[in-house]
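The values are calculated or read from the model by the stated rules, or taken from the named source; none is laboratory data. All values reported here derive from a predicted model rather than from experimental measurement. Cβ atoms come from the backbone with ideal geometry, glycine included; neighbour counts cover every protein chain shown. What goes into the accessible areas is simple: the full protein's heavy atoms, side chains included, and nothing from ligands, DNA or RNA. Shrake-Rupley method; radii C 1.70, N 1.55, O 1.52, S 1.80 Å.
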Amino acid sequence: MTDSTVRPGASRPWGQNQTLQFLLTLPRPVDRVWQAVATPEGLPGWLAAAEVLEPRLGGAVTLRLLAGGRDEDPTAVTGRVTAWDVGRVAEYTVAPYHGRIRFHLEPDGADRTTLRFTNEFEGDAAMRLDSLAGWHQHFEYLHDALDGRAPDWSTWTLDRWRELREEYAAG
C-alpha cells in the first residue's frame, strides 16, 4: 500500500457477509483517540458528522458522510450504539449497508494507542473492496486529524480511493 502509516486491512468473506479488520498503532494517548472515534466533535475531522450520537449502549446514532461514496449511497446512515465502554469500545450498527462498525482501543504506553477496527456487513466482493479502500482512506485522515490536520471535504475526490481500491483488488 502507498501510505506506510496505515497498514492494509484484512477481510474475510462468508457468503454474503463480509468482515473487515484494521490494526492501527496511533502515536496519541487513548483519550485523544477516543475523542476522535466516539464524539460528535471528533468524528467530522476524519469520518462523518455525527448528527446524533447518544453515548450509551442502545443510544441512537446518525452519521452524515462528508466525502463521496458511491452515487446510489445516501449521505446519512442511522442506527444504534451496540457497544459502549468509555475510553475502550465504541460500536455503531448502522443501515443501510455499513453494518457493525467497532473501534476497540488499547493503551500502548502513555502516549500510544492500538486501535483494533472491525466492520461487519452484508455485501459482495466488490463492496468488500470498496469498503477496504474507503476505511483505509479514512484511517489516513484519522492520522492527519490526530495531528491537527482535518481534511478539506470540499476538495475531496475519488482519486485516492480508486488508487487504494486497485491495490486491494491486486492483493
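Assorted remarks:
Yes/no matrix, rows are residues, columns are (1) among the hydroxyl-bearing types (Ser, Thr, Tyr); (2) at pLDDT below 95; (3) open to solvent by 20 Å² or more (accessible area, probe 1.4 Å); (4) touching a helix residue (DSSP H, G or I) at 6+ places or on another chain (Cβ under 8 Å):
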residue	(1), (2), (3), (4)
GLU72	no, yes, yes, no
VAL77	no, yes, no, no
TYR92	yes, no, no, no
HIS104	no, no, yes, no
ALA150	no, yes, yes, yes
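- When the test is whether a residue is assigned to a helix (DSSP H, G or I), of a type in the set (Ser, Thr, Tyr) and in contact (Cβ under 8 Å) with a residue 40 or more places away in the chain, SER154 does not pass it.
- Note on segment 106-139: residues that are in a helix (DSSP H, G or I), open to solvent by 20 Å² or more (accessible area, probe 1.4 Å) and touching a helix residue (DSSP H, G or I) at 6+ places or on another chain (Cβ under 8 Å) total 2.
- Count - residues of segment 3-23 that are outside any loop (DSSP other than H, G, I, E, B), modelled with pLDDT of 95 or more, touching a helix residue (DSSP H, G or I) at 6+ places or on another chain (Cβ under 8 Å) and closer than 13 Å to ARG128 by Cβ: 3
- Sole residue being aliphatic (A, V, I, L, M), in contact (Cβ under 8 Å) with a residue 24 or more places away in the chain and closer than 17 Å to LEU20 by Cα, chosen from ALA126, ALA110, ALA133, ALA95: ALA133
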